[in-house]
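Reviewing the structure listed below.
Every number in this text was worked out from the coordinates using simple rules, so none of it is lab data. Given the structure is predicted, the values throughout are model-derived calculations rather than measurements. Every residue, glycine as well, gets a Cβ built from its backbone with ideal geometry; the counts of neighbours run over all protein chains shown.
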Amino acid sequence: MDILITGGTGFIGQRLCQRLLAAGHRVTVLTRSPGRPGQAGVQYVGALGDVGPVHAVVNLAGEPLVEGRWNAARKQAMLESRIGTTRALLDWMRGLPTRPQVLVSGSAIGYYGPRDATPLDEAASPGHDFAAMLCRRWEAEALKAEDLGVRTCLLRTGIVLDREGGALARMLPPFRIGAGGPMGDGMQWMSWIHRDDLVGLILWLLADPETRGACNGTAPAAVTNAEFARTLAHVLKRPAWVRTPAFALKLAFGEMAGLLLTGQNVVPARALQEGYRFRYPTLEAALRAILG
């Protein structure tokens with residue numbers, strides 16, 4: 001297949017490109033810096049007008065949420081980077097003589113808002129905070145592709161684990177020196193997924209012609225933040241007794257600290273019911289694979 005990826009130079013996109021190329025697909029990445037060195041075999045373009053006919057689109061573009069304090073400008077950038085890119089893709093598709101067969105568009109489990117321990121599948125109601133509003137608007141824009149005859153999948157991604165980036169890369173330095181531990185009371189749920197399983201889910205969504213709509217991109221076994229800290233410390237053979245107080249996170253990150261101090265117990269019901277097999281269904285197995 002010929003596949004267009006937005007966000008293809010990011011933490012998830014780079015691994016996705018590797019897997020697609022290894023499977024014999026042709027990959028084009030839309031990027032703001034097409035002249036920078038990239039992966040061999042990938043075509044990098046700076047404008048949709050430079051993209052030839054494609055069979056599929058994977059839309060992963062978006063400013064990171066868990067990075068610094070939120071203010072009006074940051075929130076606007078987060079909205080525009082997701083909704084604006086998705087809208088541009090739809091405008092481009094409308095003008096094509098032959099449209100892509102499928103769009104896999106990113107979203108996040110922030111769609112569900114802060115929740116307690118109740119398991120949440122894809123049918124659960126959305127939340128009402130900023131992150132939930134952002135995901136709802138992002139998904140609503142992507143779903144307009146269905147009106148163009150493009151099968152559309154919405155991948156609600158959890159906390160993606162690998163040593164090369166994301167949340168785990170930020171956690172590792174303090175945990176390696178025995179200074180890691182829970183955040184706040186540690187009772188908030190963390191719905192995580194190994195990066196290779198998330199990429200596997202994207203490949204599955206691209207390939208399965210019957211799957212459309214929302215799909216939770218999380219492993220089957222969510223854990224509390226305290227359990228995550230204990231498991232990571234156990235794998236690293238370090239203690240995990242240095243708790244980060246909630247007030248310190250709120251002081252450092254303001255409103256964004258809510259993402260660290262609350263969570264969701266998300267279940268990938270769609271993937272499990274429709275036959276996706278997780279390589280790393282448990283946290284300890286995922287961390288051991290990542291950390292050797």
Can you give me the convex hull volume of the Cα atoms of region 193-292, divided per residue and expressed in Å³? 116 Å³
At a Cα cut-off below 14 Å, give the aspartates and glutamates reachable from Lys237, other chains included and same-chain residues fewer than 8 away excluded. Glu284
Using a Debye calculation, one point per C-alpha and no hydration shell, please list log10 I(q)/I(0) for region 9-120 at q = 0.11, 0.13 Å⁻¹ in order. -0.45, -0.61
At R0 = 22 Å the Cβ-Cβ FRET efficiency linking Phe247 and Met187, nearest 0.05, sits at 0.85
What is the helix-to-structure angle for 225-236, meaning the angle in degrees between its Cα long axis and the longest Cα principal axis of the chain, kept from 0 to 90 and rounded to the nearest 10? 90 degrees
For Lys237 and His55, extending 7 Å from Cα along the Cα-Cβ vector and measuring point to point gives, in nm, a value of 4.7 nm
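Which percent, to the nearest 5, of DSSP beta bridges fully inside region 2-291 are antiparallel?
Working: 5 of 40 bridges.
For region 2-291, the DSSP antiparallel bridge percentage is about 10.
Mind checking the full-extension length gain between Met1 and Ala88? Use 0.36 nm per residue of separation minus the Cα-Cα distance, one decimal, nm.
Details: separation 87, 0.36 × 87 = 31.32 nm, distance 2.20 nm.
Gain in length upon complete extension: 29.1 nm.
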Please list 3J(HN,Hα) in residue order for region 101-118, calculated via the Karplus relation 6.51 cos²θ - 1.76 cosθ + 1.60 where θ = phi - 60°; whole Hz, with x for glycine and proline. 7, 8, 10, 9, 10, x, 8, 8, 5, x, 3, 7, x, x, 9, 8, 7, 4
Residue list for region 1-21, given a label point 7 angstrom along the Cα-to-Cβ vector of Gln101 and an amide N cut-off under 13 Å: 1-3
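Is there a quick way to get the dipole size of the chain? I mean about its Cα centre, with the Cβ of Lys and Arg at +1 and of Asp and Glu at -1; what is the value in debye to the nearest 20? Don't jump to the answer; show the numbers that get you there.
On the way: 32 positive and 25 negative charges, 141 e Å.
Dipole magnitude for the chain comes out near 680 debye.
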Residue order, fewest to most beta carbons within 10 Å, for Arg277, Arg163, Arg156: Arg277, Arg163, Arg156
Could you name the lysines in cross-link range of Lys250, using Cα to Cα under 23 Å and dropping any fewer than eight places away on the same chain? Lys75
What distance in nm separates the simple spin-label points at Asp116 and Ala289, each placed 7 Å from Cα in the Cβ direction? 3.3 nm
Residues whose modelled amide H sits under 5 Å from the amide H of Tyr280, counting only those 5 or more places away in sequence or on another chain, are none
Calculated FRET value between Ala47 and Ala123, using beta carbons and R₀ = 35 Å, to 0.05: 0.35
Nearest 10 degrees, 0 to 90: helix 166-176 Cα axis against the chain principal axis: 30 degrees
Specify the residue with the greatest mean-square fluctuation among Tyr111, Tyr276, Tyr44, computed from a Gaussian network of the chain linking alpha-carbon atoms under 10 Å apart. Tyr276
Sorted from largest down, give the three principal axis spans of the alpha carbons of region 96-198, whole angstrom values. 58, 30, 21
Taking neighbour Cβ counts within 10 Å as the exposure measure, how do Phe228, Phe11 sort from fewest upward? Phe11, Phe228
Over region 15-71, equivalent-ellipsoid semi-axes from the Cα gyration tensor in Å: 24, 14, 12
Cα-Cα pairs of region 2-291 separated by more than 25 Å (percent): 47 percent
